[in-house]
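J.: Below is the structure I would like to discuss, written out as structure tokens.
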Amino acid sequence: MTKTPMPSGPIAYRLHPWHGVAIGADAPRRVTAYIELVPTDTVKYELDKTSGYLKIDRPQKFSNVCPTLYGLIPRTYCGSGHGALTCERTRRTGIVGDGDPLDICVLAEKAITHGDILVQAIIVGGLRMLDGDQADDKIIAVLEGDALYGAWQDIEELPRALVDRIQHYFLTYKRPPGTSETRVEIAGVYGRDEAYEVVRCCMADYAEHFGHEPASGH
């Protein structure tokens, strides 16, 4: 992929949310997150990775809704390094990165009505999720400056019921009603320091895969 230039003056065109937006100078503690989905959405939106525009992936067929803002961390890629880290942490073999940007859930008190926005997020932990043989971690963060969640610094400070709700969503959002069939599992919940390591790993995977130096500022 051709490296996207980072303009020094006013931006005259839309930057690609994955490749054109910087992760932020204070990553991995504080990152820019591109939000695709909000809790009120009845349609599953996701980034079209070719055009950089938000697209409809599918209607939400079941009653479960995403309990947080949900999106991706720019300039990250779940590749060989992420797969190797997951193998090491789970003591398994054959796990690979899923080839997508790293996913992020952002907790916010106020209702945000739509996606296709950028927010500043403070990372507090993550879920080590596996989709078959693919690593599909979900980083957990709080919206910077949020009146309710903004003071939390590690996932251990979150109410257990809230963490359970996030886990339940990801364990069931692909499961047909009336069945116990699932292809995903959560192999562990980790705190802030391990989440930092996952983000660094996916930043390095991005640089290796796309030939970019990890960007830290616009």
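J.: From 113, 93, grab the single residue that is at pLDDT below 95, surrounded by fewer than 16 Cβ atoms within 10 Å (Cβ to Cβ), over 18 Å from the mean Cα position of the chain (by Cα) and not in a strand (DSSP E or B).
T.: Being at pLDDT below 95, surrounded by fewer than 16 Cβ atoms within 10 Å (Cβ to Cβ), over 18 Å from the mean Cα position of the chain (by Cα) and not in a strand (DSSP E or B) holds for just one of 113, 93, which is 113.
J.: Among the candidates 104, 186, which residue alone is closer than 27 Å to residue 52 by Cα and out of contact with any Asp or Glu (no Cβ under 9 Å at 6 or more places or on another chain)?
T.: Sole residue among the options that is closer than 27 Å to residue 52 by Cα and out of contact with any Asp or Glu (no Cβ under 9 Å at 6 or more places or on another chain): 104.
J.: Residue check: is residue 100 assigned to a loop (DSSP other than H, G, I, E, B), under 16 Å from the mean Cα position of the chain (by Cα) and surrounded by fewer than 22 Cβ atoms within 10 Å (Cβ to Cβ)?
T.: Here the answer is yes, as residue 100 does meet what is asked.
J.: Count, please, the residues in region 123-152 that happen to be more than 20 Å from residue 110 (Cβ to Cβ) and either outside any strand (DSSP E or B) or among the hydroxyl-bearing types (Ser, Thr, Tyr) (or both).
T.: Looking only at that region, the number is 4.
J.: So, residue 77, is that one in a loop (DSSP other than H, G, I, E, B) and of a type in the set (Phe, Trp, Tyr) or not? Steps first, please.
T.: On the way: in a loop (DSSP other than H, G, I, E, B): yes; of a type in the set (Phe, Trp, Tyr): yes.
For residue 77, the condition - in a loop (DSSP other than H, G, I, E, B) and of a type in the set (Phe, Trp, Tyr) - is met.
J.: Here's another thing I want to ask about it. Kindly check whether there is at least one residue in region 122-133 that is closer than 14 Å to residue 72 by Cβ and either buried (at least 22 other Cβ atoms within 10 Å of the Cβ) or touching a Phe, Trp or Tyr at 6+ places or on another chain (Cβ under 6 Å) (or both).
T.: For region 122-133, residues closer than 14 Å to residue 72 by Cβ and either buried (at least 22 other Cβ atoms within 10 Å of the Cβ) or touching a Phe, Trp or Tyr at 6+ places or on another chain (Cβ under 6 Å) (or both): present.
Conditions tested, residue by residue: (1) assigned to a strand (DSSP E or B); (2) surrounded by 11 or more Cβ atoms within 10 Å (Cβ to Cβ); (3) modelled with pLDDT of 95 or more.
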position: 7; (1), (2), (3): no, yes, no
position: 10; (1), (2), (3): no, no, no
position: 13; (1), (2), (3): no, no, no
position: 28; (1), (2), (3): no, yes, yes
position: 36; (1), (2), (3): yes, yes, yes
position: 44; (1), (2), (3): yes, yes, no
position: 51; (1), (2), (3): no, no, no
position: 65; (1), (2), (3): no, yes, no
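J.: Select from region 67-90 the residues that are among the charged types (D, E, K, R) and surrounded by 16 or more Cβ atoms within 10 Å (Cβ to Cβ) and write down the one among them that is farthest from residue 209 (Cα to Cα).
T.: Among those that are among the charged types (D, E, K, R) and surrounded by 16 or more Cβ atoms within 10 Å (Cβ to Cβ), it is 89.
J.: Looking only at region 125-174, which residues are among the charged types (D, E, K, R) and in contact (Cβ under 8 Å) with a residue 12 or more places away in the chain?
T.: Once the filter is applied, which keeps residues that are among the charged types (D, E, K, R) and in contact (Cβ under 8 Å) with a residue 12 or more places away in the chain, region 125-174 yields 128, 131, 133, 136, 137, 138, 144, 146, 154, 156, 157, 165.
J.: Give all pairs with beta carbons closer than 9 Å in which a residue from region 71-98 that is touching a residue at least 12 places away in the same chain (Cβ under 8 Å) and of a type in the set (Phe, Trp, Tyr) meets a residue that is crowded, with 22+ Cβ neighbours inside 10 Å and not in a loop (DSSP other than H, G, I, E, B); count only pairs at least 6 apart in sequence or on separate chains.
T.: 77/97; 77/202; 77/203; 77/205; 77/206
The values are calculated or read from the model by the stated rules, or taken from the named source; none is laboratory data. Note that the structure is predicted; figures quoted are calculated from it, not measured. Methodologically, a virtual Cβ is constructed for each residue, glycine included, from the backbone with ideal geometry; neighbour enumeration extends over all protein chains shown.
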